[in-house]
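Here is the structure we will look at.
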Amino acid sequence: MGRQALLYLPVLHAGHVDFFARHTDVDGVLLVGRGFAQDYRTVEKEIRAVSPGLAVTLVRAATGLSARVVEPSEIVQAVGGDDLVVPDDDLLRSIVDAYGLAEGREIHWDSTFLRWDRAWSKPQPVDGVEPMAVVPDAVRASMRRAVELSERSSDWWRQVGAVVRLPDGTTLEAWNRHHPTEHAPYIDGDPRNEHRRGERTDLSTAMHAEASLVAQAAREGRSLRGAEIYVTTFPCPTCARLIGEAGVSVCYFDTPYSELAGDRILRSFGVELHWVRREPAPVD
């Protein structure tokens, strides 16, 4: 068997349908069984979940592919192909790592998370900040990495990636994610659903990428004084305060934010602002 897909599939939604459409070349589908609930609370607490057996039936009907359930005791033997296609989320990354599934084969990470946007959330230009005319290679590389990290975000509303470069040249990386699991707003409901942008920003299950970077630095005892931050979306007001208080000196951003109180906050801390427009996609 050349290529397989490994998924946790509590429910079959449009993100999974698109995933299978992108990977029509897989020879078979392996679905994570309920035996994994002992070690992974996401599986234990997933109240939307249909039975794994029904999920197999749905996959077969929707894709025409062969599918089966795998439990912890058999997953290593079940994964026998040279290539494995896996949704890019914390649960599957943990399983792939815990069972050594990357040994001897190539792992292709893809996303099954849904994406959505609305016209009134479109970003506004940051006052007084024009796109950089010349972007140094090092800045471009850090922004490109931030974009790559944003693609790992499970958030349906806005995907954000961020990199902090410390004065000693080392880096910290993060993307916005939900807690207690990445599936929290889909399991329990998103508290942001009943509020427009700018209203009750405290009601959220999301940890913003910038806040995650500040938390990482605090956990590791690393000062962010004089550091540079590279972020795909301009920081929100809350993250702007964290960035400023942490001592970050320069903020490079790709996409402006839809509510720009953050720019005044960052300027009040003396943080330099630089707009790095995303590189256009290559043309075939």
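The values are calculated or read from the model by the stated rules, or taken from the named source; none is laboratory data. Quick caveat: nothing in here was measured; it's all calculated off a predicted structure. Reconstructed Cβ throughout: ideal geometry from the backbone, glycine too, with neighbour counts over all protein chains shown. What goes into the accessible areas is simple: the full protein's heavy atoms, side chains included, and nothing from ligands, DNA or RNA. Shrake-Rupley method; radii C 1.70, N 1.55, O 1.52, S 1.80 Å.
A few points about this structure:
- Residue within region 4-15 that is on the phi < 0 side of the Ramachandran plot, touching a Phe, Trp or Tyr at 6+ places or on another chain (Cβ under 9 Å) and open to solvent by 70 Å² or more (accessible area, probe 1.4 Å) present: no
- Some residue of region 98-115 being surrounded by 14 or more Cβ atoms within 10 Å (Cβ to Cβ), over 21 Å from the mean Cα position of the chain (by Cα), of a type in the set (A, V, I, L, M, F, W, C) and outside any helix (DSSP H, G or I): yes
- Given (1) surrounded by fewer than 18 Cβ atoms within 10 Å (Cβ to Cβ); (2) in contact with a strand residue (DSSP E or B) (Cβ under 7 Å, 6 or more places away or on another chain), index of the condition residue 54 fails: (2)
- Screening residue 279 on (1) open to solvent by 10 Å² or more (accessible area, probe 1.4 Å); (2) modelled with pLDDT of 90 or more shows it passes everything except condition (2).
- If you go through region 127-150 and keep only what is of a type in the set (A, V, I, L, M, F, W, C) and either under 17 Å from the mean Cα position of the chain (by Cα) or under 22 Å from residue 258 (Cβ atoms) (or both), you end up with 129, 132, 143, 146, 147, 149.
- Residues that are without any contact (Cβ under 8 Å) to a residue 60 or more places away in the chain and touching a helix residue (DSSP H, G or I) at 6+ places or on another chain (Cβ under 7 Å) were ranked within region 39-51; the one that is least open to solvent (accessible area, probe 1.4 Å) is 43.
- Residue pairs whose Cβ atoms lie under 7 Å apart, separated by 6 or more positions or on different chains, with the first residue in region 158-176 and under 11 Å from residue 148 (Cα atoms) and the second among the hydroxyl-bearing types (Ser, Thr, Tyr) and surrounded by 24 or more Cβ atoms within 10 Å (Cβ to Cβ), are 159/153; 160/153; 160/232; 160/233; 161/232; 162/230; 163/230; 175/153.
- Residue ID - surrounded by the fewest Cβ atoms within 10 Å (Cβ to Cβ), chosen from residues in region 66-97 that are among the charged types (D, E, K, R) and assigned to a helix (DSSP H, G or I): 97
- Screening residue 185 on (1) at pLDDT below 70; (2) surrounded by fewer than 13 Cβ atoms within 10 Å (Cβ to Cβ); (3) assigned to a helix (DSSP H, G or I) shows it passes everything except condition (2).
- Residues of region 213-246 satisfying the condition of being open to solvent by 40 Å² or more (accessible area, probe 1.4 Å) and within 22 Å of residue 134 (Cα to Cα): 228
- The listed residue being touching a Pro at 6+ places or on another chain (Cβ under 6 Å), outside any strand (DSSP E or B) and either over 22 Å from residue 140 (Cβ atoms) or modelled with pLDDT of 95 or more (or both), out of 198, 226, 244: 226
- Among residues of region 247-274 being open to solvent by 30 Å² or more (accessible area, probe 1.4 Å) and in a strand (DSSP E or B), the one that is farthest from residue 164 (Cα to Cα) is 255.
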